[in-house]
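Shown next, in structure tokens, is the structure this report addresses.
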Amino acid sequence: MLFFKKKKEMKERLPLGLYVHIPFCVKKCSYCDFLSAPATDLMKEQYVEVLCKEIRGYRAVVADYELKTIYFGGGTPSVLNSVQLEKVLLAIRDTFFVDEKTAEITMEVNPGTVTKERLTAYHDLGINRLSIGVQSAHDAELELLGRIHTFAQAKQCYAWAREAGFRNISLDVISALPKQTLDDYKETLEELIALNPEHISSYSLIIEEGTPFYEWYSEGKELESTLPDEDTDREMYAYTKTRLREAGYERYEISNYAKPGFESRHNSSYWTGIPYIGAGLGASSLFTNARYHNESDLQTYMAAVSAGEDIRRDIERMVAAEQMEEFMMLGLRMMQGVSREEFQKRFGCAMETVYGQALKKLERNGLITVSGDRVALTETGIDVSNQVFMEFIPEEFVRR
């Protein structure tokens, strides 16, 4: 079933991305600091109704844009049933211009929350890309992470997705877990490669404040003594790059690998500066050179949307220096780097005029390459990317 308007001959529209936040999950994971929590069926239904109203409220400001990508994130978006998802997609159709033949429409899915029938229904509604949170091939690690599924269930979810018709699937994996050895991680990566997805995202565990992991770590419990050391973490990172390349996956961003033509277009739009709107609780937006996020208290958010009130919070109008900073810092996450020509086009001045000294210093230290139109991180630069990014932050913002 097609839910999006067919493209018509008309003036060229500006590209736009849409992120839709579903803040519900079956159970909060031990490492998760995202805005999410378990919810009743009634709360999910009420949220969907309010979310649809919010989405339709953008109609007046997006007439000149075309949605190139839609991303359902969370939380666990797959806790929604197909009827609820259909309502959200209809609201998107009624609001935005979308070419259903070319738009990338991604949905995050967690094993243990879907059936083959539900995945088939998602596919029939127009979802054409899945991001499945596998995280590990070892059940003991999954239990430690607080996941609700086993690896066998993750493989079943993947098989169902293929049977449902999905031909663009990404799998997520986390490295540097407590008690995890390099061999443990290698086994997980081999299991994911054997499934033959189109895309793999590999992230090192970060202990975020406010999570159970952080509490255990802060209290000096067993977690602290069992985290892999820095050398092991770096070995896992290096192995990921080498092994996935051997398996036909090219790294196109610091933590993301894809077969040719299957790079995440939605995430790439973040890194290349395409504007995006975030719909839903706490969702972030970068639209018309303003950065903001939605109200993050669920009851306040729902009441405000229902009353037609502004839910945007912390609106920041980005000055030229901040836009340049973001162009460099986000763009350099991509292996292709940033374009000097595009910088000139966007900001009306040469990159060297603004960052000449920084570029020379970083190139001299072997952290970036400057070749023709492109400026990109070297392998060494990737390892210390945060250090590189600091070079592009204006002094006045560093002093804040």
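The values are calculated or read from the model by the stated rules, or taken from the named source; none is laboratory data. Here the structure is a predicted model, which means the values were calculated and not measured. Note that each Cβ is placed from the backbone with ideal geometry, even for glycine, and that neighbours are counted across all protein chains shown. For accessibility, only protein heavy atoms count, side chains too; no ligands or nucleic acids. Shrake-Rupley method; radii C 1.70, N 1.55, O 1.52, S 1.80 Å.
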Legend entry - Dipole magnitude (debye, nearest 20) for the range 112-181, charges at Cβ of Lys, Arg, Asp, Glu: 140
Legend entry - Karplus 3J(HN,Hα) series, Hz, for the range 66-74 with 6.51 cos²θ - 1.76 cosθ + 1.60 (x for Gly, Pro): 10, 5, 8, 9, 10, 9, 8, x, x
Inset, instruction - Take the Cα atoms of the chain, build their convex hull, and give its volume per residue in Å³. - result: 158
Legend entry - Relative frequency of Cα-Cα separations exceeding 19 Å in the range 309-379, percent: 37
Legend entry - With all protein chains modelled, accessible area of L182 [1.4 Å, Å²]: 40
Legend entry - Descending semi-axes in whole angstrom, ellipsoid equivalent of the range 226-327, from the Cα gyration tensor: 36, 18, 15
Inset, instruction - Identify the GluC sites (Glu not before Pro) of the range 164-235 meeting these criteria: DSSP loop state and at most 14 other C-beta atoms within 10 Å of the C-beta. - result: E208, E209, E219
Inset, instruction - Using the structure shown, list the pairs from K259/K361; K186/K361; K155/K179 with a Cα-Cα distance above 32 Å, or answer none. - result: K259/K361; K186/K361
Legend entry - Accessible carbon and sulfur surface of the chain relative to its total accessible area, %, 1.4 Å: 50
Legend entry - Restricting the range 64-122 to trypsin sites (Lys or Arg not before Pro) in coil, as DSSP defines it, with at most 16 other Cβ within 10 Å: K101
Legend entry - For the range 234-242, 3J(HN,Hα) per residue [Karplus equation, 6.51 cos²θ - 1.76 cosθ + 1.60, θ = phi - 60°, Hz, x = Gly/Pro]: 5, 5, 4, 4, 5, 5, 4, 4, 5
Inset, instruction - Rank A376, A152, A121 by mean-square fluctuation in a GNM of the chain with C-alpha springs under 10 angstrom and give only the top-ranked residue. - result: A152
Legend entry - Two-decimal Rg/Rh across the range 112-194, once Rg and the Kirkwood Rh are taken from alpha-carbon atoms: 1.01
Inset, instruction - Give me the accessible area per residue for the range 242-400, probe 1.4 Å, as a whole number in Å². - result: 50
Inset, instruction - Would you kindly enumerate the cysteines in the chain that have no other Cys beta-carbon under 4.7 Å from their beta-carbon? - result: C25, C52, C157, C349
Legend entry - Solvent accessible area, Å² - S131, 1.4 Å probe, full protein context: 10
Legend entry - Dipole magnitude (debye, nearest 20) for the chain, charges at Cβ of Lys, Arg, Asp, Glu: 1600
